[in-house]
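The values are calculated or read from the model by the stated rules, or taken from the named source; none is laboratory data. Fair warning: this is a prediction, and the values are worked out from it, not measured in the lab. All Cβ positions, even for glycine, are placed from backbone atoms using ideal geometry, and neighbour counts span all protein chains on display. Calculation scope for accessible area: heavy atoms of the full protein, side chains included, ligands and nucleic acids excluded. Shrake-Rupley method; radii C 1.70, N 1.55, O 1.52, S 1.80 Å.
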Amino acid sequence: MWLIACSFAGMIVNSPVYGEQNASDPYDIHEKLNQEKHNLEKLLTQLQILETQPETGTQTGRQDNSRLVNESPIIIKPNENIVLTKEVGEYGVPVYSIEATQVTVTDALQALSASFGKSIIVDDDIDSAYLSSYTNISIQKSPLQDILEVILGTRGLEFTQDEDSIFITSLAKLDVDTASEYYRGKSVQFYQKAQIKYPNDRRVLKAYFELGNYYYDLGFNFLALQEYKMVVEKYRGSPLAKESLFKIGCCYSNLNDQESARRTYFRFIYGYPNDPLVDDALLSIGDSLMNQGFFRRAIDIYERVIREFPHEETAAKAQFNIAKTHMKMGNYRSALQVLLHAREKYYSDQMRSEIEYQIGSCLYLLNEYQDAGNVLGYLLTTEPEGKFVEDALFLLGDCFYRENNYLAAFQIFQKAIESYPQNNKVPYGVYCMGKSLNAMNMPESAIKTFREGIQAYPKNDYVREMALEIGKCYFDKGDYRLACNAFESFITQYPDDELVHESMVRMADALFCDKKHKEAVNNYLKLLKNNNEEKVRRYAFTRIGDCYKSIGQLGDAAKAYQTGLGIDINATPEVLHEDGSSGALTR
């Protein structure tokens, strides 16, 4: 395990920092923007069809003309200044030629629309001056995209297209960071326009459904729920009603309304028993039951998924969820057995990482740290860029720490924190690094690490433990004065904390080791007044006896030892003095 850790520690330096991935990566933004454009194109085409319904015959005619292109070129002369030719080029790809003299951009676009049978939709926000200017065009046998780029690109316009339409907008709008939001907003506007303008047209259900999808993708589950419900209530026979019903269950799950989610999923299963999404609905029902703590019922549902859909991906997910349910129940051994079975039956490149990580987690929870470290170390070495690298790295560091392999623990936690500084386990990692340094007899480095952790994460729960550890570090290096100051500072800052009694004991011990015996006695007596545990009581009286013995008050020392052993059973902290006098141990 140590060799694996060393090799991984050296390798992780060049690993990508998942915790610091830039959400505005140009490639990701481009992909997201293209998707938004594509969705908007389809939407605008649907809306245009609604507005031009009587022209169905014309559209059919265009389709017929497009089929004739294979036989002979099509020549279109919309006016004396424009000549368009459409023909089949090499490899059967349609190409276009255009000759135009002193024509407006609008006229050229209208001619192109008539030639290739696509609707051209211009963004309402584009200044009409862009399209009313005159131009001369001469392009021979070029793809449609090249012609549009020549006509529109020089005017700062951009276009996107699909099978039915071309949408033209301004490049300036795509230069802002919110370009995708712009397209999404325009889409919503058109969907809402369709709902208002054509409330009784059956085809407007597409607007409800797609608008619901937009809200769902944005995380506005309540708004999405209303749109999906409209589809289910008004258009029951539509295939979109079936999809909407399933999405309603998803919305309820996301809104944490588990009962409504289960009712919806059961309604879906009973209404569409042969639908491919039935296994997903059952899996979601199991998840809902598990989230509410109905663990046995959840396991029954997961087993049904495995039994009825053994060859589907959901069967593997159900197997994993059975293991997770056992883990929530504290049955780590049972969870491990389920995961080992999943390793044999569902092992694949996609699922390998999760299987190995969960097996390592179960072994960790069973306190089998060496075996857990071996599994996690192998996972990190073979898949340094896998999905579970981040969590596995922190867990591996904890395995080393609990095995008292402090050097390996320090190195792994250090790499984990450097690679994933935003992980919520970072404060714990800093705490373990400091503890490891102190265990390796490097108290100064440990103190520095703890102080940096306190400064970086002032509101984290581990801050108080780091503050207590600073006192321990000073104590271990023999600087009892600074140790006493650190413990006293902890007591003042966290007077109601569960660790305050430990801090009081250690402060008194620091005074004792610093040969300040009377002050130590007073602090042990304060501890006795605040803590009635038998173990603490015996320890405090024994230390009080040691203090009196050190200063030569042997009678008081004997009484303290007797009280600690339970011989003087009537001695109680309430009747003890705090002045260090011999009366401190008498009634």
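Taking the Cα centre of the stretch 386-483 as reference, the dipole from Cβ charges on Lys and Arg (+1) and Asp and Glu (-1) amounts to some 160 debye. Of the peptides 315-321, 289-295, the ranking by mean beta-carbon count within 10 Å, highest at the top, reads 315-321, 289-295.
Centre-to-centre separation between the Cα atoms of the stretch 256-285 and those of the stretch 476-537: 59 Å.
Descending by average beta-carbon neighbour count within 10 Å, the peptides 513-519, 146-152, 259-265 line up as 259-265, 146-152, 513-519, the highest first. Put simply, the Cα atoms of the stretch 420-557 extend 60, 29, 21 Å along their principal axes, the longest span coming first. Counting protein heavy atoms only, the stretch 500-570 has 50 percent of its accessible area on carbon and sulfur, 1.4 angstrom probe. When you count the other C-beta atoms within 10 angstrom of each residue and take the mean per peptide, 353-366, 268-281 line up highest first as 353-366, 268-281. Dividing the mean sequence gap of close Cα pairs (under 8 Å, 6+ apart) by how many residues the stretch 235-296 holds gives a relative contact order of 28 percent. Computed over the stretch 274-367, relative contact order equals 20 percent, with contacts defined as Cα pairs under 8 Å that lie 6+ residues apart.
Relative contact order, percent, of the stretch 347-396 when contacts are C-alpha pairs under 8 Å separated by at least 6 residues? All intermediate terms of the calculation are to be shown ahead of the outcome.
Values: 43 pairs, mean separation 18.5, N = 50.
Dividing the mean separation by the residue count of the stretch 347-396 yields 37 percent.
Rg then Dmax, both in Å and based on the Cα atoms of the stretch 315-465: 16.6, 54. For the residue pairs 206/229; 242/345; 77/118, the C-alpha atoms sit more than 22 angstrom apart in 242/345.
If you average the alpha carbon positions of the stretch 359-377 and of the stretch 110-136, how far apart do those two centres end up, in angstrom? First find each Cα centre; the distance between them is then 65 Å.
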